[in-house]
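The numbers here are math on the coordinates, done by the rules we state, and not lab data. Please read these numbers as outputs of a predicted model, since none were measured by experiment. A quick note on method: Cβ atoms are made from the backbone with ideal geometry, for glycine too, and the neighbour counts reach across all protein chains shown.
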Amino acid sequence: MQILRRMIARLAATAVTLVGVAVIVFVVIRVVPGNPIAMMLPPGATDADIQRLQELYGLDKSIPEQFLIWAGGVLQGDFGTSISLRQPVSELVLGRLPATLELSVMALVIAVALGGAMALTATLYRGTRVEGAIDVTGGMALSVPDFLWGLVLILLFGVLWPLFHISGRVSPSLGFEFQSNFYLWESFVRLRFDVWADIVAHMFMPALALAIPLAAIISQLLKQSLKETMHLDYVTLARTKGYSETSIITREALPNAILPTLTLVGVQFTFLIGGTVIVERLFSYEGLGNMAIDAVINRDLPLIQGIVILFALIFTVVNLVVDMTYAALNPRLRHA
Amino acid sequence: MKLTRRTLLQSTAASVALAGASLPSFAAGIEELVIAYNVNLPSWDPTVGPSAVNPTIQGIYQSVFDLFIPQNPDLSFGSGILTGYGWNEDKTKIWMDVREGVTWHNGDPLTPEDVAWSLERAGNPETGNPIQFIWGKIGNYAIEGNRVTADVLAYEPTIFKWMSFLTGYILPKTYYESVGADGFESAPVGTGPYIVEKFERNAFVRLKANENYWGGAPEFKSVTIKFVTDAASRVAEVESGNAHVTLEMPYEEFDRLKEKSGIMGTAAPVSDIGMIFINDVDVMKDANVRMAMAHAIDKQLIIDRLLSGYGVAIDTLQTPDYSAYDASIKVAYDPEKAKELLAASGYGPDNPVKFTIQTTRGFKPKDYEIIQAIVGLWRRVGIEAEIEVYEIAKHYELRAADTLAPAAFYNWGNSIGDPTTSTGFAMFGPSPHSVWDGEDLMQKILPLWGEADEAKRIDGWKEVDRFIAANALVIPLLQYVQPILHSDQIKVVPHASGALLPHLMTRA
């Protein structure tokens, strides 16, 4: 009941957040310099031509009027039409979302695996050179931004040892007709492992570039939590019972130490999705982030709005899910 | 098939090996040409929307669609879908002869109706063609045999040149009307050398050769154009062998990679220039200041030092391959003269004239660095310019509103090489792209728009350019050189318009 009440409250807050984001984005992108009409003016355009284009894209009206028209459309599921791509915004944005989600989830999986392994190893070898080496590696991973990791990976695994694809999401020559935009998932479900492997070969470098800094954060936090847990009584008891150190860490300490990390992973996942903007561009990965950059360059106002609203929705939903999961896993919160 | 853990692992291992093996290689004979392109293709209709006036993607459009009149790599005009064209004697009508035996990619025959419909559609303000102001100057089309005629509603001396330029593409009337704009967007049909096989927005377009192309089937039967917008990634694509051709990378990278085994470099001037707009506000109303600015810039030094020599210094808005280019118009690098001019207006190194210069950063090769260098050269003679960096979108907005800073760096493309589309639109006050509003210049340009005598028209524009140079109403800097890196197994023919055209590529 408590969880349900919390969920309803959070959903209400989510709705308010989205409306706030919509208003702010709508106003801001219209007052910042850069007019989409000015960008498409032909050389000999007259004032009448400019007026005609402004009317065509609804930019001749005041900002409040434009907002009301847009909001009215949104309530009916119509987010407008992209100026540069001349397609419905909702279609474009939802078409790209799966690519970004798959990339983000893959990055998260890599980050959790890498970070978790580093934390467990460092805990197992605490106080030794191994822990020191892991700490140094983690520091390096964290201090270099994801797009620079991307460039390093391109150089290493794209040029020097060309093991992975540098750009795109799938090989053009593959000739596989996808039924959905969840390429990775679909190829796996349809047991087309050649296609699946091709997609992984495209996603691996951008996902790893996104994952490396997050892995370092996970490693540091989890290691710290594990170290604190290792001093607790029940761990000492397990040790006196003769359990191996590995077993103590993974079976006794980890379940309790993981809760703070779980919260962090949830919060960081939203940042990770935000980080896809530059990484997707670098790897020419056809996700939301890559499209967002084009939209900003072209001052494609309806598309920018659509993308930002979707990002905001993802952020709030992920945070909601994290909160609920945390509450479900933590008995103190569940029974509060 | 029963899926077990073992079979899953085996399949995955085999798949990874397969995916690795699918990477293209320079060593193998090139069957499928892969091009790493520098921009995305937003839309397949080359006649409407912002992408229609984006010069960078015209190469892709020209692979699929035919221009009314094709342009040769040296910018001269060829014979294409229109095999002949011209005016009647009093220039009240135009005529166009349509090539026979041409088929659309869907097998339909191209007809004169397609040509008339394409022109009529382009001239209709409701279709959103950004060049409607040109196409609307002809109308009342009539067809007789394979000849299309039209009335001249307003005389436009460059109408046929525009048929080789932005939005000058022929689209299929019957097909377009049957599938509509959305249907055309998802399955475009042209008469060009390549047929669209598969298109993934922001990712790639896969083209197959049009074996029935009227100009002869292209050599590469399959072409994949990958959209790789990041220059570092594009370079890596070619360096790793993932792509066979790419363009637009830093000149230092170009010089480094063209020396590598298996990679060649082609660099040729294109119809794109760098210039400094001068807005007639504040100190820019002082001719001495403007002329001092122009004389204080050592363009060749900038090209050599910042662009590794890749550029052609220019003194008018015409490049050597434009029809109104006049080699006799020169603005010499003369810092002493610049000092004298400034002194005449009471300025000097101890009392510098001050203004703001705007520039993009990273939009064109070394744009910011070029302006930094110019500001340094200016400082020596008594000009103190403050650099303001802006996005290209802001430049367009400010320029359209005539509120650019006193000086602003920009680039200008003009692949048809006509003076109206360079000096004309950049310097004619009422144009939304001009920020110089001087009445005297406007009066010089005004009669040239409708001048029917071609020789007189071109001479007139040369005179305008001479006047502009003498008064430093704009500061032309350089003609850009386009760097192209490609496999040594491919011969690339650069096109002076800057369009990278796969049908001009052959096996070396």
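The residue list A:105, A:263, A:248 was ranked by how far each Cα lies along the charge dipole of chain A toward its positive end, using unit charges on Cβ atoms, and A:248 comes out on top. Here region A:89-335 is treated as a sphere whose radius is the Kirkwood value from Cα pairs; by Stokes-Einstein at 25 °C and 0.890 mPa s it diffuses with a coefficient of 124 µm²/s.
Using only side-chain charges placed at the Cβ, +1 for Lys and Arg and -1 for Asp and Glu, the dipole size of chain A relative to its Cα centre rounds to 1120 debye. Between residue B:489 and residue B:197, the modelled labels are 1.7 nm apart [label points 7 Å from Cα along Cα→Cβ]. Projecting label points 7 angstrom from Cα along Cα→Cβ for residue B:470 and residue B:285 puts them 2.3 nm apart. Of all the options A:180, A:104, A:82, the one that moves most in a Gaussian network model of chain A with Cα springs shorter than 10 angstrom is A:180. With 5 Å bins beginning at zero, the pair-distance distribution over Cα atoms of region B:233-335 amounts to 2, 10, 16, 17, 15, 13, 10, 8, 6, 3, 1, 0 %. Among A:285, A:183, A:125, the largest mean-square fluctuation in a Gaussian network model of chain A, built with springs joining Cα atoms closer than 10 Å, belongs to A:125. How many angstrom lie between the C-alpha centres of region B:32-89 and region A:105-177? Going from one Cα centre to the other spans 43 Å. Legend: distances between Cα atoms for B:258/B:330; B:173/B:226; B:285/B:337; B:91/B:137; pairs beyond 23 Å are B:258/B:330; B:173/B:226. Within chain B, the longest run free of GluC sites (Glu not before Pro) that sit in a DSSP loop with at most 14 other Cβ atoms within 10 Å is B:260-508.
Taken about its Cα centre, region B:73-150 carries a charge dipole of roughly 180 debye when the Cβ of each Lys and Arg holds +1 and the Cβ of each Asp and Glu holds -1.
Distance from the alpha carbon centroid of region A:259-306 to that of region B:335-401 works out to 37 angstrom. The slack in the chain from residue A:23 to residue A:239, taken as 0.36 nm per residue of separation less the alpha-carbon distance, amounts to 72.0 nm.
For chain A, the membrane-span-like helices by this rule, meaning whole DSSP H stretches whose C-alpha atoms cover at least 27 Å of axis and whose Kyte-Doolittle mean is 0.5 or above, are A:2-31, A:89-124, A:193-229, A:254-282, A:301-329; this says nothing about an actual membrane.
In plain terms, the C-alpha convex hull of chain B casts an average shadow of 27.8 nm² when viewed from every direction. Express the Stokes-Einstein translational diffusion coefficient of region A:1-148 in µm² s⁻¹, to the nearest whole number, given a Kirkwood radius over alpha-carbon pairs, 20 °C and a viscosity of 1.002 mPa s. This corresponds to a translational diffusion coefficient of 103 µm²/s. Among residues other than residue B:165 whose Cβ falls under 13 Å from its Cβ, what is the net charge (Lys/Arg +1, Asp/Glu -1)? Once all neighbours under 13 Å are counted, the net charge is -1.
Computed over the alpha-carbon atoms, region A:107-169 gives an Rg to Rh ratio of 1.07, Rh here being the Kirkwood radius from the mean inverse distance. Based on every Cα atom in the protein assembly as shown, Rg and the maximum pairwise Cα distance Dmax equal 30.3, 109 Å.
For chain B, the membrane-span-like helices by this rule, meaning whole DSSP H stretches whose C-alpha atoms cover at least 18 Å of axis and whose Kyte-Doolittle mean is 0.0 or above, are B:5-21, B:367-381; this says nothing about an actual membrane.
Within region B:87-102, find all residues whose amide N lies under 19 Å from a label point positioned 7 Å from the Cα of residue B:155 along Cα-to-beta-carbon. Inside the label zone: B:87-95. Rounded to whole numbers, the Karplus 3J(HN,Hα) couplings from phi for region B:151-158 are 7, 8, 7, 8, 5, 9, x, 9 Hz, using 6.51 cos²θ - 1.76 cosθ + 1.60 with θ = phi - 60°, and x at Gly and Pro. When chain A is treated as a GNM with alpha-carbon contacts under 10 Å, the residue of A:108, A:160, A:282 showing the greatest mean-square fluctuation is A:160. Rounded to the nearest 20 debye, the dipole size of the protein assembly as shown about its Cα centre is 3620 debye, using +1 on the Cβ of Lys and Arg and -1 on the Cβ of Asp and Glu.
Normalised by the number of residues in region A:89-335, the mean separation of alpha-carbon contacts (under 8 Å, six or more apart) gives a relative contact order of 30 percent.
Ranking B:267, A:181, B:400 by how far each Cα lies toward the positive end of the dipole of the protein assembly as shown (charges on Cβ) leaves A:181 at the top.
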